[in-house]
1. Kindly list, by first and then second residue, each pair from a residue in the range B:234-248 that is on the phi > 0 side of the Ramachandran plot to a residue that is hydroxyl-bearing (Ser, Thr, Tyr) and surrounded by fewer than 23 Cβ atoms within 10 Å (Cβ to Cβ), limited to pairs with Cβ atoms under 7 Å and residues at least 6 apart or on different chains.
2. (1) part of a helix (DSSP H, G or I); (2) buried (at least 24 other Cβ atoms within 10 Å of the Cβ); (3) not acidic (Asp, Glu): which one isn't true of B:Leu61, the others all being true?
3. With respect to the numbered conditions (1) over 21 Å from the mean Cα position of the chain (by Cα); (2) modelled with pLDDT of 95 or more, which one is the sole condition not fulfilled by A:Ala257?
4. Could you list all residues from the range A:72-81 that are open to solvent by 10 Å² or more (accessible area, probe 1.4 Å) and facing another protein chain (nearest Cβ under 7 Å)?
5. Could you give every pair whose Cβ atoms fall below 7 Å, whose first residue belongs to the range B:292-309 and is within 14 Å of chain A (Cβ to nearest Cβ), and whose second residue is at pLDDT below 90 and open to solvent by 10 Å² or more (accessible area, probe 1.4 Å), counting only separations of at least 6 or pairs across chains?
6. Quick one: which of B:Gly207, B:Gly211 is open to solvent by 60 Å² or more (accessible area, probe 1.4 Å), of a type outside the set (Val, Ile, Thr) and within 28 Å of B:Thr125 (Cβ to Cβ)?
7. Given A:Ala19, A:Ala12, A:Ala46, A:Ala62, which one is more than 9 Å from every other protein chain (Cβ to nearest Cβ) and either over 23 Å from A:Asp150 (Cβ atoms) or surrounded by 18 or more Cβ atoms within 10 Å (Cβ to Cβ) (or both)?
8. Go over the candidates A:Gly475, A:Gly460 one by one and state the one that is modelled with pLDDT of 85 or more, open to solvent by less than 10 Å² (accessible area, probe 1.4 Å) and touching a strand residue (DSSP E or B) at 6+ places or on another chain (Cβ under 6 Å).
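The values are calculated or read from the model by the stated rules, or taken from the named source; none is laboratory data. All values derive from a computational prediction rather than experimental measurement. So basically every Cβ, Gly included, is an ideal-geometry build from the backbone, and we count neighbours across all protein chains shown. Heavy atoms of the whole protein, side chains included, go into the accessibility calculation; ligands, DNA and RNA do not. Shrake-Rupley method; radii C 1.70, N 1.55, O 1.52, S 1.80 Å.
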Amino acid sequence: MNRFAALLDRLAYEPGRNAKLRQMTDYFRITPDPERGFALAALTGALSFRHAKPGLIRTLIAERTDPVLFAMSYDYVGDLSETVALMWPAPSPEARASAAFDLSPHAGRCEEGDVAPPPAPSLAEVVETLQTLGKAELPNRLAHWLDGLDETGRWALLKLVTGGLRIGVSARLAKTAVAALGDTDTDEIEVLWPGLAPPYENLFAWVEGRAERPEADDPARFHPPMLAHPIGADDFATLDPADFSAEWKWDGIRVQAVAGFCPDGRHVARLFSRTGEDLSGAFPDLLDRLTFDGALDGELLIVREARVQSFNVLQQRLNRKASTAKLLAEFPAHLRAYDLLRDGAEDLHALPLTERRARLAALVEKLGDPRVDLSPEIPFSDWDGLAKARANPETVGAGPDAEAIEGVMLKRRDSAYLPGRPKGLWWKWKRDPFVVDAVLMYAQRGHGKRSSYYSDYTFGLWTAGADGDTLVPVGKAYFGFTDEELLQIDKFVRQNTVNRFGPVREVLHEADTGLVFEVAFEGISRSTRHRSGVAMRFPRIGRLRFDKPPGEADRLDTLLKMLEAAEATPASGGRVLDASARTGKRKGG
Amino acid sequence: MRPDELLCPTPAGLCCPSGNFFVDPRRAVETALITHAHSDHARPGHGAVLATRETLDLMRLRYGENFAGRTQAVAYGETLTIGDVRVCFFPSGHVLGAAQILVEKAGLRIVASGDYKDVPDPTCTPFEPVRCHVFITEATFGLPVFRHGDAAAEVQKLVHSQNLFPERTHLVGAYTLGKAQRLIAMLRAAGHDAPIFLHGAMEAITGYYAGKMDLGDLRPVRDATKADLVGAIVLCPPSALGDRWTRRFSDPIACFASGWMRIRARARQRGIELPLVISDHCDWDGLLRVIPATGASEVWVTHGAEEALVHWCGTKGLRAKPLHLVGYGEEEEIEVLAASTEAATNTPAEGSGA
């Protein structure tokens, strides 16, 4: 466990892909079976024990620490496992003695006053124990292991048992590190992977040249996806509209739906994220529909009553861990397909888009499932025409689905499907957001990796008050800025604090001194929850305007006019949302 | 006499009206007693400065000959009388020359401890607990999650990483005064005999330390060739990490020696690849050892996570209050945050050497 914890610790801090690979390969090289195999399973998310609930971890720490100090510490660190790993008290000699007696009755009792801490468990012991351990035994066992580990070991163990092993390593990268043990191609491992199981001794033996290739071909393997570049204003002059087809850019999750037949005739289907993470478990309702034999590229959406829902709605489903029947009924998953990479046994990557699309249309039609449909093409003849469609999707065939559209995609008709982000073939053209210049009023420390930064901002606009103009808070934003801008804002906040309310600082905001943000947002609606009476959708910091005196920032009237315009023409870009549609954390990119 | 009549917090810092002096004032005052030379405690421009010989020397290195109207060197254990107040300096174990200051009048004893740590440091005189009625403590790491562990084991991590990546320069961010020299001394104790290279901003202070103890072969980065720096350990102010200055090194690994490195978010956010949890402040366990050892029945908490420490004191039946002195530790935090954007040519505003 110590060696695995040290690996996780280094990986968590290592930004470079190649250095990560080197550390993992080094670990796999020096660590014996079965320990390394369980590590590979942990890194690829292939472990299948029942995870400990955060509530259990909280109970364990509550039995050992002052609740006030725990609350302050958790607030500061922002991560439960890390807080507990750091705060976990050294076991008292009596506790050690009784634990040693309880857990290993055959080990013999130690002399009083000379009790060593329990030995650090191996990763294999942890994984194998967790697979069979009864729920009631878990707390004691976990506490015993924690007693035997140091801060890093405890952190790694808690991440592992709670299933929160987020260290910036994809399953594919871990497999690549294994491949580097020998002269193996990662795709070869991908093909075998579904037929393998922890601790993967046959895989290591094959990669290291000590045994034959394990027998297992995956009929539903992941294909690295093709990605688009953002289009710039200057790009259009160099592009001929006739070379391109256009589709809506759907505001869902990019997925790959792959299905096929095993040699024994069994049908297998999987749903992958664009990074190759297996999402199948989260979408059983969609998985059942993937009865074809092929690999589809598309967008996962929530569709209710034939209407595509906004990303906010999809987010609500993603936030739930368990897929209950109620959840599946309330948030029906839908696949909107736009490409076909494999059709039966035939690999289509090299075909031009138009041919792949024709094959896709045929496959979707044959499937005949309302939950799987074709992403429509947008008719256009020149860039101005497409710009109009992009500004008003409702009027160009998208209808009520417009709310789930975040722009248009341009794809060269003759483009082959090239994994990665090849230049010049696919372009994304997002919709313009609304923009106002607002004044920073309050700042709050972030959570997680931003726990030491003032990264959550409340901003305001001017309105007439009893004693002249005053700022009224209109929204909060916590992203949109670069790391460097975050440092600048953080510094500004610390140097211009006028009041502190717990984790919140009030920042100087007067007509001549303060910080102006250009705030971009996607939509606007009336809200009774906000003092200003309006709620912005998905606000984020566009630019820092250190150059602009706060007195010249926008007024609340500007926002109200935007709202009125949006209400007057609901089909315009200012999509009017239910007051219940809350902005939430968004997917990356 | 009430304790807050003997020493009271003012916007300029802790003031002793009976002796007409301030402890670590943030603004220029007539008479300043200074615990140690970090810039958030030691400001230039006071009429008179009373501090240890080392603190005065270090202030002179920082601010030049005329950093104060006049100075008076005070030895550890020496007792002075200022007005009708008795004052005595005791080692605080924080950095070279760092002191706790005992202020005593009419039987009432208050210790202003400045910044301190009670764990071994080869570069300074060990901390001594001083019996007092009121103990004024920092709380830079005043949360139970701050457990610095064994500093020697952290140094081993650096040595191990150097073995693992022998072709990469290990660029170690460390506070210019105190941390850098402690790290050098610990690397030497761990058997690292190779030359250690120094950023320009560290040369003068490290030179001063080297006049008082053996720090081995130290060389300025500016005189080194590219080949010298391959696989070398290079010390720089934290603000130089990630700066253009680092481009001269071969595939550098960014390391940072600080108590803040205990919190993963802090290390990650700064792009630190090898965090080294080494601090010149007490960790939580250290604070909990020191406070009872002073015998104080009342604790004033100056800067850091005051709330948690005040709460803990309450659970132990000690009267405690936060002093809300503005400005201590703050610069350091900003320096930590700003490190990746600031130019290395600016000598960084140095904080209290966390």
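1. Close Cβ pairs (under 7 Å, with a partner that is hydroxyl-bearing (Ser, Thr, Tyr) and surrounded by fewer than 23 Cβ atoms within 10 Å (Cβ to Cβ)) amount to B:Gly242/B:Ser340.
2. All conditions pass for B:Leu61, except number (2).
3. A:Ala257 satisfies all of (1) over 21 Å from the mean Cα position of the chain (by Cα); (2) modelled with pLDDT of 95 or more except (1).
4. Listed by number, the residues that qualify are A:Met72, A:Tyr76, A:Gly78.
5. Listed pairs, sorted by first residue: B:Val301/B:Leu323; B:His303/B:Leu325; B:His303/B:Tyr328; B:His303/B:Gly329; B:Gly304/B:Gly329.
6. B:Gly211
7. Checking each option against the conditions leaves just A:Ala46.
8. The conditions single out A:Gly460.
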